[in-house]
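The values are calculated or read from the model by the stated rules, or taken from the named source; none is laboratory data. Since we're looking at a predicted model, the values are computed, not measured. Because the Cβ atoms are built from the backbone with ideal geometry, glycine has one as well, and the counts that use them run over all protein chains shown. Ligands, DNA and RNA are stripped out before the accessible areas are found, and what is left, the full protein with its side chains, is counted by its heavy atoms. Shrake-Rupley method; radii C 1.70, N 1.55, O 1.52, S 1.80 Å.
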Amino acid sequence: MAFPETRMRRLRATPQLRGLVAETQLQHADLLAPLFIAEGLSGSEPIPSMPGVSRHSVEAAVTEAAELAALGVPGVLLFGIPAHKDAQGSGAYDPDGIVQQATRAIKAAHPDLLVIADTCLCEYTDHGHCGVLHGETVDNDATLELLAKTALSQAEAGADIVAPSDMMDGRIGHLRRSLDQAGHSELPLMSYSSKFASAFYGPFREAAGSTPARGDRRAYQLPGANAREALRESRLDADEGADILMVKPALAYLDIVGRVREQTELPLAAYNVGGEYAMLKAAAAAGYLNERDAVLETLTSIKRAGADIIITYHAKDAAKWL
Ligand code: PBG
Ligand code: ZN
């Protein structure tokens, strides 16, 4: 049947009708908020490229976590900025490292808030790469050992989920085995399975001080032009034992979100990254668009594409607006 028997506008006439047939519903339960914890900081310090986002001391992070929890955000994703960096990224697996301290403090104050620890070395290495260097290249297998130490120390600190974001080969299997051997067989792994080399990480690297001193991350992160390769990455991580997969960034890769969704039964996260946040904030600040409407439309698009979990710097605002 076509027009005039069919009239698409019938079900759009009122908010109630539109609500009844809504296919996608963004919820508080879908959101995770990234938090930056800086060693040696007192209070909070705004991040210029991400208006509305700050680096926090452990104490301030506990306060921020409390606000997020009160707004109904179910969890936080912790990134650490250590006082000292070295070639081996030893701050990442220090039992008393900044993320380990923050994990303990947040879990003690808010046991019901999920604490997810980012497992990577780039914020802790003096060269800024996600693994240890062997000459000019990042040594895959040597890095796996350090990632396992990092994940174990995060598990010991009480993290609810660990989230490896390094893009080394074989890391999910290696972390799963290491965690299981150490008695953490119940700890879920959220893999940054299809993570692309992206210009949209710029603001994050400014926030975390993790820009590579030489070269870039193209020897380990996915090329933006390759969808099949991204599907392979997610399939490999599922086979290695990932509990949750991820596509990152979200907006320039919504087709990948949709295709990974069709390929797997695992829960899927999408990371609405710093550059995506910064673009929208800048346009809103200039008065070019309505921030609330643009944020909710953007987050809904990520969910509609197939993400179950949305990691976003808009989490606090979105939780207020929902
Ligand atoms: C690196 C890492 C990145 C982000 C989080 N962890 C990307 C990168 O620097 O290559 C990006 C998050 C964002 O841009 O918001 N392990
Ligand atoms: Zn990294």
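Look at (1) open to solvent by less than 20 Å² (accessible area, probe 1.4 Å); (2) part of a loop (DSSP other than H, G, I, E, B); (3) closer than 22 Å to GLU39 by Cβ and you find that THR150 fails only one, number (2). Could you check, for the range 154-170, whether at least one of its residues is in contact with a Pro (Cβ under 6 Å, 6 or more places away or on another chain), surrounded by fewer than 22 Cβ atoms within 10 Å (Cβ to Cβ) and not in a loop (DSSP other than H, G, I, E, B)? Scanning the range 154-170 turns up at least one residue that is in contact with a Pro (Cβ under 6 Å, 6 or more places away or on another chain), surrounded by fewer than 22 Cβ atoms within 10 Å (Cβ to Cβ) and not in a loop (DSSP other than H, G, I, E, B). Quick one: would you say ILE106 is at pLDDT 95 or above, in a strand (DSSP E or B) and open to solvent by less than 50 Å² (accessible area, probe 1.4 Å)? So ILE106 fails the test.
Just the residues that are open to solvent by less than 20 Å² (accessible area, probe 1.4 Å) and part of a loop (DSSP other than H, G, I, E, B), please, taken from the range 36-52. Please lay out each step first, then the result.
Keep residues of the range 36-52 that are open to solvent by less than 20 Å² (accessible area, probe 1.4 Å), which gives 36-38, 47, 50.
The answer is ILE47, MET50.
Per the listing LEU231, LEU245, the residue uniquely under 22 Å from TYR201 (Cβ atoms), assigned to a strand (DSSP E or B) and open to solvent by less than 50 Å² (accessible area, probe 1.4 Å) is LEU245. Scanning the range 120-171 for residues that are among the β-branched types (Val, Ile, Thr) and either in contact with a strand residue (DSSP E or B) (Cβ under 6 Å, 6 or more places away or on another chain) or more than 15 Å from ligand 2 (Cβ to nearest atom) (or both) gives THR137, THR150, ILE161, VAL162. Criterion first (assigned to a helix (DSSP H, G or I) and either buried (at least 18 other Cβ atoms within 10 Å of the Cβ) or not small (Gly, Ala, Ser) (or both)) does ARG55 satisfy it? No; evaluated as a whole, the condition is false for this residue.
Applying the selection to the range 105-138, what residues are away from ligand 1 (no atom under 16 Å from the Cβ) and farther than 23 Å from VAL62 by Cβ?
Filtering the range 105-138 for residues away from ligand 1 (no atom under 16 Å from the Cβ) gives 105-115, 134-137.
Scanning the range 105-138 gives HIS134, GLY135, GLU136, THR137.
Here ALA238, ALA207, ALA197 are screened, and the one residue that is surrounded by fewer than 18 Cβ atoms within 10 Å (Cβ to Cβ) and aliphatic (A, V, I, L, M) is ALA197.
Answer yes or no as to whether ALA61 is open to solvent by less than 20 Å² (accessible area, probe 1.4 Å), at pLDDT 95 or above and more than 16 Å from ligand 1 (Cβ to nearest atom). Break it down stepwise before answering.
Values: open to solvent by less than 20 Å² (accessible area, probe 1.4 Å): yes; at pLDDT 95 or above: yes; more than 16 Å from ligand 1 (Cβ to nearest atom): yes.
Answer is yes for this residue.
Answer yes if at least one residue in the range 93-107 is within 15 Å of ligand 2 (Cβ to nearest atom) and out of contact with any Gly (no Cβ under 8 Å at 6 or more places or on another chain), and no otherwise. Yes, the range 93-107 contains a residue that is within 15 Å of ligand 2 (Cβ to nearest atom) and out of contact with any Gly (no Cβ under 8 Å at 6 or more places or on another chain).
ALA219 passes every criterion in (1) within 16 Å of ligand 2 (Cβ to nearest atom); (2) assigned to a helix (DSSP H, G or I); (3) open to solvent by 30 Å² or more (accessible area, probe 1.4 Å); (4) hydrophobic (A, V, I, L, M, F, W, C) apart from (2).
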